[in-house]
Structures are given as structure tokens and as C-alpha cells.
1. Could you identify the single residue in N114, N81 that is surrounded by 12 or more Cβ atoms within 10 Å (Cβ to Cβ) and modelled with pLDDT of 95 or more?
2. Could you go through segment 93-101 and let me know if any residue there is in contact with a helix residue (DSSP H, G or I) (Cβ under 9 Å, 6 or more places away or on another chain) and not in a helix (DSSP H, G or I).
3. Within segment 17-28, can one find any residue that is part of a strand (DSSP E or B) and of a type in the set (S, T, N, Q)?
4. Taking the conditions exactly as written (closer than 18 Å to D39 by Cβ and among the acidic types (D, E)), does E92 satisfy them or not?
5. If we scan segment 108-124, do we find a residue that is over 19 Å from T36 (Cβ atoms) and part of a loop (DSSP other than H, G, I, E, B)?
6. Looking at this structure, is L90 surrounded by 13 or more Cβ atoms within 10 Å (Cβ to Cβ) and touching a helix residue (DSSP H, G or I) at 6+ places or on another chain (Cβ under 8 Å)?
7. Of everything in segment 128-143, what is modelled with pLDDT of 95 or more, assigned to a loop (DSSP other than H, G, I, E, B) and closer than 19 Å to P4 by Cβ? Give them in sequence order.
8. What residue, of L104, L116, is of a type outside the set (F, W, Y) and in contact with a helix residue (DSSP H, G or I) (Cβ under 7 Å, 6 or more places away or on another chain)?
Amino acid sequence: MKEPGIENVEEVVIAVKDARKAVALFNDLFGMRFETEWDMPDENMVVKSERISGTQLQFVESTSAEGVIAKFIESRGEGLNHIAFKVTNLKEMVSRLKGKGVKLIPEEPIEMKNPLGEGTWAYVFLHPRSACGTLIELIETRE
């Protein structure tokens, strides 16, 4: 099994009230199209994504007033929600982080079908208090 580590910046995620308007703005400003889209019903959000040199720029819009994105926007306004790193050996990384007292959200990684292709993703977040005030997501892709 590979040593735990960061492979690349996988996502830069911006929370918005209206993803269609955000896509239209970035299309006008930069010619970006955001043609990849998926729903995350368990998280009450829709994601629109554009890949730039291996990194996804994503807009996330809440589909419910009770969703985490709606609550984020209510308290902080639209803007940068989190940065995601693609990692190897997430299970061991989570164990090491817990050993260092890092607060994880949730406590254990969540698995989901990869909306961009085959296999699954596993992901977990580092609470901003444990990461210089920034929400960090760790993602491992699995076959």
C-alpha cells in the first residue's frame, strides 16, 4: 500500500447562490464552460465543474435551505468554500491526522460513486480550526 501523501490540488470550490449565473459570469470573463455537473442529494447540493490543468474549479449551489452550502453562504456570503487535495492511502492519513489531534468532518471518510467516471471516491474534511482557518477536503479515488 502506498505511503499517505498529497498528489495534487484536485478542487477549488466556490459556494454560490445561483450556479447558472456564476457559470455565465465565468464564461463571459474567461470563456469557461463548466459542462460537467452532478447532484449530491445527501449533501443537498449541485456541483458544476470545469477542469483546468488537472484541477477542478467548482461552483456548488445548495438545493435546500438546510444544506451546508446554504448555511455557509448565510454566515459568510458567497465565496471560497474549500480546497481539496487528491491523496493516497486516505485511511492511514486519517489515522495520522487523528493522532495529531486534527478535527475531521465527519470522523471517518465517506464513500460515493465517482461522478466523473468509474470507481468511487472517499473523502473527508479537515475542520478550519485545524487548518489555518481553511476548510480542506481530502479525496482518494478508488477503482
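The values are calculated or read from the model by the stated rules, or taken from the named source; none is laboratory data. Remember, predicted model here, so these are calculated numbers, not experimental data. No Cβ is skipped: glycine too gets one built from the backbone with ideal geometry, and neighbour counts run over all protein chains shown.
1. On the way: N114 fails: modelled with pLDDT of 95 or more.
Result of the check over N114, N81: N81.
2. So in segment 93-101, the residues in contact with a helix residue (DSSP H, G or I) (Cβ under 9 Å, 6 or more places away or on another chain) come out as 97, 100-101.
Retained after the next criterion (residues that are not in a helix (DSSP H, G or I)): 100-101.
The answer is yes, given that some residue of segment 93-101 is in contact with a helix residue (DSSP H, G or I) (Cβ under 9 Å, 6 or more places away or on another chain) and not in a helix (DSSP H, G or I).
3. Of the residues in segment 17-28, the ones part of a strand (DSSP E or B) are none.
Within segment 17-28, not a single residue is part of a strand (DSSP E or B) and of a type in the set (S, T, N, Q).
4. On the way: closer than 18 Å to D39 by Cβ: no; among the acidic types (D, E): yes.
The answer is no for E92.
5. Filtering segment 108-124 for residues over 19 Å from T36 (Cβ atoms) gives 108-111, 122, 124.
Narrowing further to those that are part of a loop (DSSP other than H, G, I, E, B): none.
There is no residue in segment 108-124 that is over 19 Å from T36 (Cβ atoms) and part of a loop (DSSP other than H, G, I, E, B).
6. Working: surrounded by 13 or more Cβ atoms within 10 Å (Cβ to Cβ): yes; touching a helix residue (DSSP H, G or I) at 6+ places or on another chain (Cβ under 8 Å): no.
Against the criterion (surrounded by 13 or more Cβ atoms within 10 Å (Cβ to Cβ) and touching a helix residue (DSSP H, G or I) at 6+ places or on another chain (Cβ under 8 Å)), L90 does not qualify.
7. Once the filter is applied, which keeps residues that are modelled with pLDDT of 95 or more, assigned to a loop (DSSP other than H, G, I, E, B) and closer than 19 Å to P4 by Cβ, segment 128-143 yields only A131.
8. Numbers: L116 fails: in contact with a helix residue (DSSP H, G or I) (Cβ under 7 Å, 6 or more places away or on another chain).
Just a single option satisfies the conditions, and that option is L104.
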